[in-house]
Amino acid sequence: MRGLRRWWHDTAGGLPATFWYLWAGILINRAGAFAMLFLSLYLTEARGASEALAGTVVGAYGAGGAVGVLLGGVLADRWGRRATLLAAHLATAGLMVALALSRHLAVIAVLSALVGVVHSMPSPAFVAAIVDMVPEQRRSRAFNLQFWAFNLGMAVASLLAGVLAEASFLALFLVDAGATLATAAVIAWKVPETLCRGVDPPVTASGAGGRRRPGLRTALTDRIFLTFVALTFVLAVLTMQTSTIMPLAMRADGLGPSSYGLVVALGGALIVLGQLFVPRLIDRHRKDIVLAASTALMALGFGVLTVADGLAVYLAAAVVWTVGSMLAAPPNAQINADLAPPELRGRYQSVFYLTFPAASFVAPTLGGVSLQYLGGGHWLIVAGLGLLAAVGHLLAGPPRERRVAALGRATASRPSQPAGDPVSTG
């Protein structure tokens, strides 16, 4: 019993109550975010759209997501984390209801793009709020729990979505809207504003000899940060293989949708059951070492698919790359948070989160061509890309650590609102 209490303290202890309300909001939001998973099926079955048109509408949703990430980051720094989260969730709920009641495909396409915008807006604000309130020494735990809640919610959503879609597409959208409203209620009730407004951001010199305030451009010209973003983009491309290219490879090997579902379910089960044990495994190691090892594991897992010819090999490979992704999640999120100046946390998060819509475009577009012409050789390219990224983490680690230390000293020397005393907008 004492060992269990110690493990729980190491895994989830020392986190403020506000974090747990945010965590609950993430879990509720993800568990209810299933309507857009069935958007293409809804368009073709319920609205009579062609497959090409359905693909275009889903693409509009993805494009809206890229816009929403940037908008959410800027608003999180200007309006505040709480205000951005509330606005995004309330807008999402309203748009979901509108989607449920819409009949014209043109209207549905516009609404889908808008849903993409507001669906992506909360991500930078969620992470910025966590960084604002959680002490630095506990952030790795907080990000590990965030990753776990996200995947647990997605697992629940996958189970509920199929049942609701069989019963009624209308119910699918309305229950999604209800879960989004529940998340907004939790935030409105229990989450104060965490953005410190008492300190003006420092003014820096511009290239023309003038003075300018830091903003989104600062993140887009930060070489150390962009190097990290590029390495994260490679990690995202590897992760996207499971939902874009792997199903095609499995079909070529004579394996049907049920086999693919089993591989995906295995990965989700490993994360739900094992993610809480990750912090104790990685705490004693440098973040760049952990990221290099985890990326190499993912590269190895996908590399095994070069010789895959049966379900057993796919299942074994899934274990390897899933363990890699589990190990990578906490340090990846923490480095991203550590590199951002406090006054630009939302903007830095928005640039970081752009890697995911970008990867969702690049992975299927280039991967489909690669698989068609190279066959199993595609997985050698994926593995090689992952190994290069692992080496990149080792090379980029020391400069990152020096930057983080410098930011820590600069933040400590600047007067600011005391930690744990967020500004309330309630």
Measuring from label point to label point, each 7 Å out along Cα→Cβ, what is the residue 185 to residue 106 span in nm?
-> 3.8
Contour excess over end-to-end distance, with Cα ends at residue 221 and residue 56 and 0.36 nm allotted per residue | 56.2 nm
Plugging the Kirkwood radius over Cα pairs into Stokes-Einstein for the chain, at a temperature of 25 °C and a viscosity of 0.890 mPa s, what D comes out in µm²/s?
-> 109
Residue 358 and residue 137 label points (each 7 Å along its Cα→Cβ direction) are spaced in nm at 3.6
Residue-span extension gain [residue 266 to residue 2] - 0.36 nm each, minus C-alpha spacing = 91.9 nm
Of 194, 295, 227, the most mobile residue in a GNM of the chain (C-alpha springs, cutoff 10 Å) is 227
Just need the relative contact order of the chain here, percent rounded to a whole number, with Cα pairs under 8 Å and 6+ apart.
-> 25
What is the local net charge at residue 127, summed over the other residues whose Cβ is closer than 13 Å to its Cβ (Lys, Arg +1; Asp, Glu -1)?
-> +1
Inter-label distance for residue 78 and residue 369, nm, one decimal - labels placed 7 Å from Cα along Cα-to-Cβ = 3.7
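Every number in this text was worked out from the coordinates using simple rules, so none of it is lab data. Just so you know, these numbers come straight off a predicted model, no measurement behind them. A quick note on method: Cβ atoms are made from the backbone with ideal geometry, for glycine too, and the neighbour counts reach across all protein chains shown.
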